[in-house]
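No lab work stands behind these numbers, since they all come straight from the coordinates. Just so we're clear, the structure is a prediction, and the values are computed from it rather than from any experiment. All Cβ positions, even for glycine, are placed from backbone atoms using ideal geometry, and neighbour counts span all protein chains on display.
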Amino acid sequence: MRDEVPSVWRPSALDVVRISVLLVGLLCVATGLLPQHEAAQNMRRIAPLLLFLGSVIVLANLARRAKVFDVIAHRLAIVAGGNYVGLFLLCVLFASTTTTVLNLDTTAVLLTPVMIALAVPARIPPLPLAMTTLWLANTASLLLPVSNLTNLLAADRVALDATGFAARMWLPQLLSIAVTMVCLWWWYWRRSQRGADRYVVPEPIRPVDMRERVLLYASGGACLLFVLAIPFVGDRIAIAATVAAAIAVLAFAICDRSALSLSLFPWQLLVFVSGLFLVVPTLSAHGLSTVMDHLIGQGTSGPGVFRAAGAGAALSNVVNNLPAYTAGEAVISPGARNQLLALLIGTNIGPVITPWASLATLLCLEFCRAHGVRVPMRRFVVTGLVLAVAAATAATVGLLLTG
């Protein structure tokens, strides 16, 4: 019998990009293009963000392993009873809620494969389901600080806790989701696009034994605990995410230790984010800040607010929304809260035009390719452009009204 050859980790093209970004960032520090004290300050600033991101992805990965999301997705399809309109509304609610209370990357990493898998037993074209998660992962990420990494970065600058943040962003969020629903239905969900009047109602997913039942309820309870903690923990959201993840890890340590592996930990995301916060400040110090200053301007009235949103959306689709936000934030004065929130609208809603515009968009498209779901790129760009312009405009109007 031949000896088994241990599996060797082979980086994907996306992994190469992430590692390259970090290496370029370290090179910027080593060569003095980015002063060491500034690099250290940036790393201290994003340390709680990295803790939150790592913890919430571990929590979500274990919840998926426990079939929490699969159970919910199948239940939604059963509740809709074969009616496409009902399923559309429930999928929008599911994706929007997950993005809002957990994080847009959670929606990208977990809901995309779950929705694509649901398409098989229900005999639903997978593209409408995939585009629902891809678009709402971005456009439904305005309401809470935890919804998007850019929101967490902005929370200190705008001096708003979770409740205050939601009080300013509830109307922009509502308008953004409404525009997204119209675009989703017209281009992906209506009868001429999906090709059928009704879908096959799938069978429910149920735990087969006590072990699966414990894991399902413990992981689902940990997610619920985290969601309920959001209004109360303020800027300690990373600690709440860590506690919730620890509950899920404990449940799996008792019931299914084989599920606990290093693959649960999103090191790729953390490497990418760390690299961005070294590369972008370097670019800002060598010309990017000047460009953003000209694009955004100093006006804090209506036109200035719209310019900030437009600049954030445009730059997000050129580079990525995280660098776009940090570059824009650097040129907006601390007291210009409306401009900063408008920049968030642009960098959160706008990244739906190019595949690299946000990490969530990149991850969703990667899952589509892995599952054989073809996303026509010309259609993706054109429909994304219309969505970005319409949703960002509507949300910015909503921001001015709430102000």
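Looking at the square roots a ≥ b ≥ c of the eigenvalues of the Cα gyration tensor of the stretch 76-172, which shape do they give, rounded for a/c under 1.5, prolate if a/b is larger than b/c, or oblate? Because a/c hits 1.5 or more and a/b exceeds b/c, the stretch 76-172 counts as prolate. At full extension, residue 167 and residue 369 could sit 68.9 nm farther apart than now, given 0.36 nm per residue minus the alpha carbon distance. Would you mind pulling out the separation of the Cα centroids of the stretch 180-256 and the stretch 278-347, in Å? Using only Cα atoms to place each centre, the spacing works out to 33 Å. Take the Kirkwood radius over Cα pairs of the stretch 174-315, plug it into Stokes-Einstein at 10 °C and 1.306 mPa s, and you get 76 µm²/s for translational diffusion.
Ordering 358, 192, 20, 96 by the number of other Cβ atoms within 10 Å of each residue's own Cβ, fewest first, gives 192, 20, 96, 358.
Panel order for 210, 292, by other beta carbons found within 10 Å of each beta carbon, from fewest to most: 210, 292. Considering only 245, 140, 30, the Gaussian network model of the chain with Cα springs below 10 Å gives its largest mean-square fluctuation to 30. A viscosity of 1.306 mPa s and a temperature of 10 °C, combined with the Kirkwood radius over Cα pairs in Stokes-Einstein, give a translational diffusion coefficient for the stretch 325-399 of 116 µm²/s.
Relative contact order for the chain: 25 percent, from Cα pairs under 8 Å spaced at least 6 residues apart, divided by residue count. Rounded to the nearest 20 debye, the dipole size of the chain about its Cα centre is 800 debye, using +1 on the Cβ of Lys and Arg and -1 on the Cβ of Asp and Glu.
Under the simplified labelling scheme, the residue 31-residue 400 pair shows an inter-label distance of 4.3 nm, with each label point 7 Å from Cα along Cα→Cβ. At an R0 of 22 angstrom, the distance between the Cβ atoms of residue 318 and residue 265 translates into a FRET efficiency of 0.10. Counting neighbouring beta carbons within 10 Å and listing from fewest to most, the residues 68, 200, 21 come out as 200, 21, 68. With a simple spin-label model that places each label point 7 Å from the Cα along the Cα-to-Cβ direction, the separation between residue 255 and residue 10 comes to 3.5 nm.
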